[in-house]
1. Report, ordered by the first and then the second residue, all pairs with beta carbons closer than 8 Å, sequence separation of six or more or different chains, a first member in region 162-177 that is within 14 Å of residue 43 (Cα to Cα), and a second member that is loosely packed, with under 13 Cβ neighbours inside 10 Å.
2. For a quick check of your reading of the model, give me the residue pairs whose first member lies in region 209-224 and is at negative phi and assigned to a helix (DSSP H, G or I), whose second is modelled with pLDDT of 80 or more and surrounded by 13 or more Cβ atoms within 10 Å (Cβ to Cβ), with beta-carbon atoms closer than 6 Å and at least 6 apart or on different chains.
3. Which of the residues belonging to region 152-161 are touching a helix residue (DSSP H, G or I) at 6+ places or on another chain (Cβ under 7 Å) and either surrounded by 18 or more Cβ atoms within 10 Å (Cβ to Cβ) or outside any helix (DSSP H, G or I) (or both)?
4. With the structure loaded, tell me whether residue 63 is modelled with pLDDT of 90 or more and either farther than 27 Å from residue 166 by Cα or assigned to a helix (DSSP H, G or I) (or both) or whether it fails that test.
5. From the list 170, 217, exactly one residue is farther than 24 Å from residue 76 by Cα, touching a helix residue (DSSP H, G or I) at 6+ places or on another chain (Cβ under 7 Å), surrounded by 18 or more Cβ atoms within 10 Å (Cβ to Cβ) and modelled with pLDDT under 85. Which is it?
6. With respect to residue 182, determine if the residue is buried (at least 18 other Cβ atoms within 10 Å of the Cβ), part of a helix (DSSP H, G or I) and either under 21 Å from the mean Cα position of the chain (by Cα) or at pLDDT below 85 (or both).
7. Can you tell which of 28, 85, 38 is part of a helix (DSSP H, G or I), touching a strand residue (DSSP E or B) at 6+ places or on another chain (Cβ under 8 Å) and modelled with pLDDT of 90 or more?
8. When residues of region 118-157 are filtered for being over 24 Å from residue 13 (Cβ atoms) and modelled with pLDDT under 80, how many remain?
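The values are calculated or read from the model by the stated rules, or taken from the named source; none is laboratory data. Only a predicted model underlies this, so the values are computations on that prediction, with no experimental measurement involved. Ideal geometry is used to build each Cβ from the backbone, glycine not excepted, and the neighbour counts take in all protein chains shown.
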């Protein structure tokens, strides 16, 4: 019995650590993308930092060139975000699926062990690890993963929002049309992240996951 359990235990631990390693890579990559989107927002605010009414042709041309550079960088970030989906989409999907099954498995095990130990007055280290530490670890890592992807989407949206806000200061400037066109095309290139195309990764997926798990636990407890 021990000879069969031990290899399975080792395999499970290796898979879990590899999953956490992948999650670190995904979160760090997402952090870099988010910082670059935030940098573009700062560039737009810097270029159009004050109300512009009448400017010289040379200054107008300089600002126009800078805005074109911002849009070019935004396009590059969209390509990078798309590649992020291609590279990590299936990995994110598998991580979320494994997390859900692991939480359900730990919940079932905790309920079973609690019934077996209801007459005992001590709790073993193994019971604490299986019943508390590992589920909390899975929840924290899942939240970190989803929030990392969601933060990129919000940073990308913030670039577009910054463009629309700066239009207020460009009522009489020839840059207004350029900024309007740029914001329009940026809106079509919003960064979005999906789990291999099955569902979008944002805060709503967290609510869906935890609601489903909570519903499952309520049903299991009622049928005990």
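1. That search, which allows pairs on different chains as well, returns 162/45; 166/45.
2. As it stands, the answer is 213/103, since those pairs meet every condition given.
3. Within region 152-161, 152, 155, 156, 159, 160 qualify.
4. no
5. The conditions single out 170.
6. Against the criterion (buried (at least 18 other Cβ atoms within 10 Å of the Cβ), part of a helix (DSSP H, G or I) and either under 21 Å from the mean Cα position of the chain (by Cα) or at pLDDT below 85 (or both)), residue 182 does not qualify.
7. Answer to the check: 85.
8. Number satisfying all stated conditions: 5.
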